[in-house]
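Chemist: First the structure, which I've put down as structure tokens, then a few questions once you've had a look.
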Ligand code: BMA
């Protein structure tokens with residue numbers, strides 16, 4: 001079972017004492033060349049590497065922006081309405097920032113996303129960002145897989161390379177605006193090019209070669225670094241198509257770019273989900289150990305959560321077996337019927353979700369505030 005983190009959380013010394021229990025040694029995972037990171041970003045990475053065994057941050061995508069039957073209500077969150085606390089980790093998406101648009105592909109103003117990221121940092125919580133950008137060749141969206149030359153077209157020498165550099169610069173510019181009132185840059189777990197082991201995005205497996213995919217990551221990393229985006233940690237997040245660690249790492253961009261390894265896996269059938277998650281998490285744990293990287297379930301969920309005990313009888317028994325740093329469930333869409341992954345008041349799994357929240361080792365915002373993920377523990 002989880003180590004009882006909440007009682008310990010008041011004693012940083014004790015949490016620091018637990019630091020050694022995760023098998024990710026800080027030194028071994030340091031890359032040869034020193035990465036340009038802010039102190040808070042370095043501290044976040046270090047704390048993710050040494051998170052006490054079996055303590056897991058709960059995360060929700062777009063949590064404070066909208067939910068079932070509401071949007072843009074200051075302070076509101078379906079998760080908080082159900083269990084009294086915000087998620088320890090919040091996820092947001094930058095789709096359409098590349099176009100110079102004012103609002104995301106999910107119709108959320110980027111100013112509002114910025115405001116909620118700052119609020120989440122100020123309450124001590126973690127933030128991750130994905131990027132469902134448009135297709136730079138066809139003008140379609142991320143899911144436009146009509147052409148297999150898109151990745152090639154944005155790499156150096158490609159017809160849209162310059163355009164894509166401009167797209168990356170817009171991402172860098174947004175990341176640089178994520179600052180507190182005192183000017184502290186907010187660390188972000190940046191997760192572009194996700195689920196690339198599938199073929200539903202223009203950067204997917206059947207749309208580009210492993211080499212091209214790795215070059216897409218290298219271009220992303222080098223341009224954002226050149227633009228001084230030193231508040232980013234980079235997250236690698238395939239689906240669960242891989243059957244071996246080697247397959248999981250086939251398109252891995254390398255230790256000098258990636259800071260955290262993840263996986264995306266959704267439930268359709270319960271038994272299949274349990275089997276798939278355990279297989280994938282065994283592989284992910286091994287990959288994280290080999291490369292000395294922290295690991296996470298970067299997307300998961302059971303759409304509309306129709307199983308009243310899903311949280312404590314399906315998800316919890318799985319995640320408590322692996323050293324994942326966080327588990328993220330997807331968004332509670334307000335504009336799409338039955339497209340939600342966290343409960344809202346009265347939802348059939350809401351009571352069980354409260355029990356999940358009360359489980360020692362499952363961290364929400366007030367828990368993660370106590371372990372101060374942005375400060376050094378040395
Ligand atoms: C997908 C769906 C879409 C959404 C996209 C980015 O999984 O939720 O409706 O536009 O993520 O948030």
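Chemist: Taking the stated definitions as given, is residue 171 modelled with pLDDT of 95 or more, closer than 17 Å to residue 105 by Cα and not in a loop (DSSP other than H, G, I, E, B)?
Modeler: Judged against the criteria, residue 171 is a match.
Chemist: Next question, about the same structure. Can you tell me which of 323, 343 is more than 26 Å from residue 285 (Cα to Cα) and crowded, with 16+ Cβ neighbours inside 10 Å?
Modeler: 343
Chemist: For the stretch 255-266, what are the residues that are farther than 15 Å from residue 325 by Cβ, assigned to a loop (DSSP other than H, G, I, E, B) and within 18 Å of the chain's Cα centre (by Cα)?
Modeler: Looking only at the stretch 255-266, we keep the residues that are farther than 15 Å from residue 325 by Cβ, and these are 255-257, 264-266.
Then drop every residue that is not assigned to a loop (DSSP other than H, G, I, E, B), which leaves 255-257.
Across the stretch 255-266, the qualifying residues are 255, 257.
Chemist: Let me spell it out: the conditions are (1) buried (at least 20 other Cβ atoms within 10 Å of the Cβ); (2) under 23 Å from residue 140 (Cβ atoms); (3) away from the ligand (no atom under 15 Å from the Cβ), and residue 92 meets all of them except one. Which number is the exception?
Modeler: That leaves (3) as the condition not met.
Chemist: Counting only residues that are at pLDDT 95 or above, give me the helices (runs of 4 or more DSSP H) lying completely in the stretch 6-106 with at least 1 of them.
Modeler: Counting at least 1 such residues, we get 39-49, 78-83.
Chemist: For residue 74, which of the numbered conditions (1) away from the ligand (no atom under 16 Å from the Cβ); (2) touching a residue at least 40 places away in the same chain (Cβ under 8 Å); (3) farther than 27 Å from residue 165 by Cα fails to hold?
Modeler: Answer for residue 74: the failing condition is (2).
Chemist: Let me ask something else about it. Which condition number does residue 310 fail, the rest of (1) buried (at least 18 other Cβ atoms within 10 Å of the Cβ); (2) within 29 Å of residue 105 (Cα to Cα) being met?
Modeler: Against the list (1) buried (at least 18 other Cβ atoms within 10 Å of the Cβ); (2) within 29 Å of residue 105 (Cα to Cα), residue 310 comes up short only on (2).
Chemist: If the Cβ limit is 7 Å and pairs must be 6+ apart or interchain, which residue in the stretch 103-121 that is within 15 Å of the ligand (Cβ to nearest atom) pairs with which residue that is assigned to a helix (DSSP H, G or I)?
Modeler: Final answer for the pair search is 103/110; 104/110; 104/113; 110/97; 110/174.
Chemist: Can you pull out every residue in the stretch 193-237 that is touching a strand residue (DSSP E or B) at 6+ places or on another chain (Cβ under 7 Å) and closer than 21 Å to residue 147 by Cα?
Modeler: Across the stretch 193-237, the qualifying residues are 194, 195.
The values are calculated or read from the model by the stated rules, or taken from the named source; none is laboratory data. Keep in mind that what you see is a predicted model, and the values were worked out from it rather than measured. Neighbour counts are summed over all protein chains in view; Cβ atoms, including those assigned to glycine, are modelled from backbone coordinates with ideal geometry.
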